[in-house]
Structure formats: structure tokens, C-alpha cells
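Working notes, beginning with the structure itself.
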Amino acid sequence: MAINLQKGQRANLDLPKFTIGLGWDTNEAQVGTGFDLDASVFVLGENRKLLADEYFVFYNNLKSPDGSVAHSGDNTTGAGDGDDETIQIDLSGINPGAREICVVVTIHDAQGRKQNFGQVRNSFIRVFNAATNEEIMKYELGEDFSIETAVEFGRIYKKDDSWRFEAVGIGHSGGLEQFLSKYN
């Protein structure tokens with residue numbers, strides 16, 4: 001039975017290998033305007049900074065150096081049902097210095113295209129067992145982010161030698177650059 005999380009809720013991650021699925025749709029009035037949402041992952045150390053530049057995993061760097069985080073690649077349209085982009089995580093092989101994995105979604109060229117998350121609906125992040133396709137937990141982003149161009153969907157963090165997931169749901173208006181400044 002999957003856990004449906006609300007903003008700020010946390011749950012234990014007892015599975016060392018899992019997949020994170022992210023999905024979204026654009027509002028009907030926005031179809032045809034070229035929405036391109038991008039999932040990115042930041043693998044952070046004790047100081048909440050990237051372990052190294054290569055631990056920023058996104059459409060131009062699909063795998064972390066230790067192979068523990070692998071991105072499915074860029075979905076430039078978000079068309080169809082289900083997951084638009086996925087990220088495979090293997091906590092058993094992650095760099096021992098890793099303490100947090102931050103998952104964000106940004107709108108590519110949001111300023112130039114005059115787009116924001118207020119024009120996006122049905123967005124979610126879910127954690128599932130890829131071997132069985134069993135959904136472990138899901139967080140549906142139900143809030144209206146009328147000016148934000150980036151959203152921190154969730155984070156996986158280590159506490160007392162156990163990994164946990166937190167549904168974050170915090171919007172930002174600075175785009176991917178804001179996260180790069182924050183975590184670099």
C-alpha cells in the first residue's frame with residue numbers, strides 16, 4: 001500500500017534500490033507553447049553542498065560518478081500519462097559522503113517563454129520499486145505556484161544511518177541557476 005504524503009511529511013525508505021518518477025501536465029490553455037520541464041538531482045554532502053560538480057545529475061549529465069543516481073533523459077514535452085522523467089537511485093552504492101539527494105523540477109527557458117508552475121497541473125513525485133512496479137510513496141503537488149519557475153519536489157536524506165524521504169513542495173522563481181548557486 002503506497003503512502004500518500006502531504007507537504008512536509010516524511011517517510012522511511014527501506015528499499016536500497018528504487019526509482020523516482022516525476023510527472024506533470026500543462027493546463028489546456030497552455031498546449032502548444034513548448035513547455036519543457038526538467039528534473040534534476042543534487043547529491044549533497046554534510047555541508048549541504050554538491051559532493052563534486054559531477055553529482056549534479058540532469059539531462060546533460062545522466063549519471064553520478066559512483067553510478068548510484070541515473071537520470072532517464074530529457075522529456076521535452078511531458079505528453080502522455082504517468083512518469084515524464086525518472087531517476088534510478090541505488091543507495092547501496094552511493095558515495096559514503098552523501099547525506100542528501102535533492103530532487104527539483106525547473107521550466108526550461110521559463111523567462112523567455114513567459115512560463116511558470118501556475119500553468120502546470122497534475123504534478124507529482126513518486127518512489128517505486130522498479131523490479132515490481134510497486135509504488136512505495138507519492139506526493140502530489142497540489143499548490144498553485146503562480147510565479148515560480150522551479151520547485152523542490154522532494155529530498156532523500158540520511159538520518160541515524162537510515163534514509164528517509166521528505167515531500168518538500170517549495171517553489172522558487174530563480175530557475176535552475178538558483179539551485180546551482182545554493183548547492184555549489
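The values are calculated or read from the model by the stated rules, or taken from the named source; none is laboratory data. Owing to the predicted nature of the structure, the values given are computational and were not obtained by experimental measurement. Please note: Cβ atoms are built from the backbone with ideal geometry, for glycine as well, and neighbour counts cover all protein chains shown. Surface areas here come from the heavy atoms of the whole protein model, side chains and all, with no ligands, DNA or RNA. Shrake-Rupley method; radii C 1.70, N 1.55, O 1.52, S 1.80 Å.
Annotations
- Of the residues making up segment 1-31, those that are surrounded by 14 or more Cβ atoms within 10 Å (Cβ to Cβ), modelled with pLDDT under 85 and either assigned to a loop (DSSP other than H, G, I, E, B) or not acidic (Asp, Glu) (or both) number 4.
- Here segment 154-184 is the region considered, the condition is being part of a loop (DSSP other than H, G, I, E, B) and touching a residue at least 60 places away in the same chain (Cβ under 8 Å), and the residue that is surrounded by the fewest Cβ atoms within 10 Å (Cβ to Cβ) is ASN184.
- Qualifying position, being modelled with pLDDT under 95 and among the hydrophobic types (A, V, I, L, M, F, W, C), among PHE35, PHE42: PHE35
- Enumeration of residues in segment 140-151 that are open to solvent by 10 Å² or more (accessible area, probe 1.4 Å) and part of a strand (DSSP E or B): GLU140, LEU141
Here is a yes/no grid of residues against (1) more than 17 Å from THR26 (Cβ to Cβ); (2) surrounded by fewer than 20 Cβ atoms within 10 Å (Cβ to Cβ); (3) aromatic (Phe, Trp, Tyr); (4) at pLDDT below 85:
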{"residue": "ASP84", "(1), (2), (3), (4)": "no, no, no, yes"}
{"residue": "ILE87", "(1), (2), (3), (4)": "yes, no, no, no"}
{"residue": "GLY93", "(1), (2), (3), (4)": "yes, yes, no, no"}
{"residue": "ILE101", "(1), (2), (3), (4)": "yes, no, no, no"}
{"residue": "VAL105", "(1), (2), (3), (4)": "no, no, no, no"}
{"residue": "ASP109", "(1), (2), (3), (4)": "no, yes, no, yes"}
{"residue": "GLY112", "(1), (2), (3), (4)": "no, yes, no, yes"}
{"residue": "GLY118", "(1), (2), (3), (4)": "no, yes, no, yes"}
{"residue": "ILE125", "(1), (2), (3), (4)": "yes, no, no, no"}
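- Some residue of segment 58-65 being exposed (fewer than 13 other Cβ atoms within 10 Å of the Cβ), at pLDDT below 95 and more than 21 Å from LYS138 (Cα to Cα): yes
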